[in-house]
Amino acid sequence: MGAPVPISRRSFNERLLETLGLPQAEREQLLELARSEGAAFARGLVSRGFITAEGVRLAYEELCGIPAFRRDPDAESPAPADPLPLSFLRAKLLVPVSVADGTLTVAMADPLDSDAREAVAKVTGRRIEVVAGTEEEIREAIEKGFGEAGSSMERLVEQVGDDAPEVAGDERVEQLIGVASEAPIIRLVNFLMARAIERGASDIHFEPYEKALRVRYRIDGILEDVESPPRRLQTAILSRIKIMARLNIAESRLPQDGRVRLRIAGKEIDLRVSTIPTLYGESVVIRILDQATVPLDMGTLGFFPDTLSTFRPMVASPYGMILVTGPTGSGKTTTLYAALREITSPGRKIITIEDPVEYQIRGVIQIQVKPQIGLTFASGLRTIVRQDPDVILVGEIRDRETAEIAIHSALTGHMVLSTLHTNDAPGAVTRLLEMGVEEYLLPSVLIGVLAQRLVRTICEGCAAQRELSPALREDVLREVGFVPEGNLRIGRGCDACGGTGFRGRSGIFELLPVTDGIKELILARADAGALQAKAAAEGMRPLREDGWEKVRRGITTIEEVLRVTRAV
């Protein structure tokens, strides 16, 4: 493999900022973004309008000495890419350009991606030289040279023809319904959904822009661009989705929400559809709820044995309150569902109130909140208590009223499970106190707080040992003060993982048992820092340390742990 690029990503981002001539205050704000966004920072500067894609390519040339990729539109074919899966080329945005004297020249949208370079070198067995290209050029080169395998989209688009309306006015609703109900559009929408489910996506994003309709799948928590239909089919495609979700096809000025239940590949799939008007049409997001892919067993969520052996008895308590915290998308609901699954029995009545009810659990009564008719978390919870439940799950504590009713429910002999949006476990206590909950109530009911995040796990089909580069070692030392040692691995990218090197996700956890020492601090209204220090002294493993243990065991990567714990 060729000599490594003699500049770290952090240095490149900082030097790139220096070339923009921005005011000091704005530059400092962007420097903070550069530290958190890493590889995505240069792309973010383009989307924010600070620099063009061509400007970034020239920066790679001037700051790193990486030659620019100039695609020849008349070239008959690029270098062969037989060992490299098409999914890998698309995921990593790289394309083989030429082969000479045993050296393979590869054009990359992110030429500082050393892992991708190493993967290409290992798979092809050649020395690698890199040239820098823009995302658009790389995508065009991939599709022109190797896109035959993805021609299903092209065939479906050809079947639609050129007469699909681009803009819908109220007077064209009937025409719009007709076009959205035609077989080619139905097949195209079904293809996009089936492909997302096949790849294990949790969401499908349809994003309208001035000259393109962008389609992205969220896979293992990360959005990935996929082959998209042409802009002229935008209205027909989105209208088809609205018809499926029983939404008002004539309404494009207000947000709408709906749901669809489909049977795909022998499985019942629930789809939640959300639309919102934008400058260039409606943006649509489809949430895929596939119960078959949800691990409703606490033993498969990623708990280490010591944490699980402490958490299970908490969940089995006859009364009290357990909180699960973390940002949106951190797996809180899945953990609570798994806990309910474990304690469900004929002798217990369990009622939940959620927004939304994501998955149906056998033996559990589930309620969907409907604020428009007055059914909120607080009002629903007040009624639930009169239904003589043993266990109550409250989807989220958002306000003082809900918090107080939940706490009083726990005080009167119910087991209450709920979630809060806080960064760590001790923060849940201070958040409740900030809501106005009296400090003398919490020690009486709170059993424990579990904070969690989700990290992508390394694909076992392409996992390999890794040696940390000096630049990464320096970055990790600067960020956390030490470099994790152990069975450090990385995914090289293969067909099974779509070239990403990751397949599936696992939780990392921070469990705070409310011991006598913690109760004393709560009564004294101690801050989160004091609670954290006391819990750590009593043996609590912090969230990030739980992540480092997964790195040491080869389950995930350093970059993943840093990505999901930077706010902690």
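The values are calculated or read from the model by the stated rules, or taken from the named source; none is laboratory data. Owing to the predicted nature of the structure, the values given are computational and were not obtained by experimental measurement. Virtual Cβ from ideal backbone geometry, glycine too; neighbours counted across all protein chains shown. All accessible areas refer to the heavy atoms of the entire protein, side chains included, with ligands and DNA or RNA removed. Shrake-Rupley method; radii C 1.70, N 1.55, O 1.52, S 1.80 Å.
With no solvent and one point per C-alpha, what does the Debye sum give as log10 I(q)/I(0) for the chain at q = 0.10, 0.11, 0.12 Å⁻¹? Values returned for q = 0.10, 0.11, 0.12 Å⁻¹ are -1.00, -1.18, -1.33. On a per residue basis, the range 455-568 carries 44 Å² of accessible surface, using protein heavy atoms and a 1.4 Å probe.
State the antiparallel share, in %, of DSSP beta bridges confined to the chain, rounding to the nearest 5. If I count the DSSP bridges inside the chain, around 65 percent turn out antiparallel. Distance between the modelled labels on Y319 and A25, one decimal in nanometres: 5.5 nm (7 Å Cα→Cβ projection). Taking all protein chains together, T376, T556 sort by accessible area into T376, T556, largest first [probe 1.4 Å]. Ellipsoid semi-axes for the range 193-267, based on the Cα gyration tensor and the rule √(5λ), read 21, 18, 11 Å when sorted largest first.
Mean separation of Cα pairs under 8 Å and 6 or more residues apart, divided by the residue count, gives the chain a relative contact order of 10 percent. In this view, the solvent-accessible surface of E32, computed with a 1.4 Å probe and all protein chains in place, comes to about 110 Å². For the range 98-142, the solvent-accessible area of protein heavy atoms averages 40 Å² per residue (probe radius 1.4 Å; ligands and nucleic acids excluded). Taking 4 °C and 1.567 mPa s as conditions, the range 466-513 diffuses translationally at an estimated 96 µm²/s according to Stokes-Einstein applied to its Kirkwood radius (Cα pairs).
The alpha carbon gyration tensor of the range 447-568 gives principal lengths a ≥ b ≥ c with a/c of 1.5 or higher and a/b greater than b/c, which makes the shape prolate.
For the chain, the residue among P313, G539, L393 whose Cα projects farthest onto the positive side of the dipole built from Cβ charges is P313.
Here D115 sits with roughly 40 square angstrom of accessible surface, probe radius 1.4 Å. Measuring between their Cα centroids, the range 495-548 and the range 335-410 lie 25 Å from each other. Helices in the chain, meaning DSSP H runs of at least 4 residues, each add -39500 (n - 2.57). Divided by all residues, the mean residue ellipticity at 222 nm is -11500 deg cm²/dmol.
Measuring with a 1.4 angstrom probe and ignoring ligands and nucleic acids, Y319 comes out at about 130 Å² accessible. Could you check how much of the accessible area of the chain is carbon and sulfur, as a whole percent, using a 1.4 Å probe? Solvent-exposed carbon and sulfur of the chain make up 49 percent of the total. Within the range 483-538, the proportion of Cα pairs with more than 17 Å between them is 61 percent. Using the empirical formula 2.2 N^0.38 Å as the baseline, the Cα radius of gyration of the range 344-390 reaches a ratio of 1.17.
Each principal axis of the Cα cloud of the range 435-476 was evaluated for its coordinate range; sorted largest first, these ranges are 52, 29, 15 Å. Here is the short version for the chain: C64 have no other Cys C-beta closer than 4.7 Å.
Label positions at D516 and E61, each projected 7 Å from the Cα along the C-beta direction, are separated by 7.2 nm.
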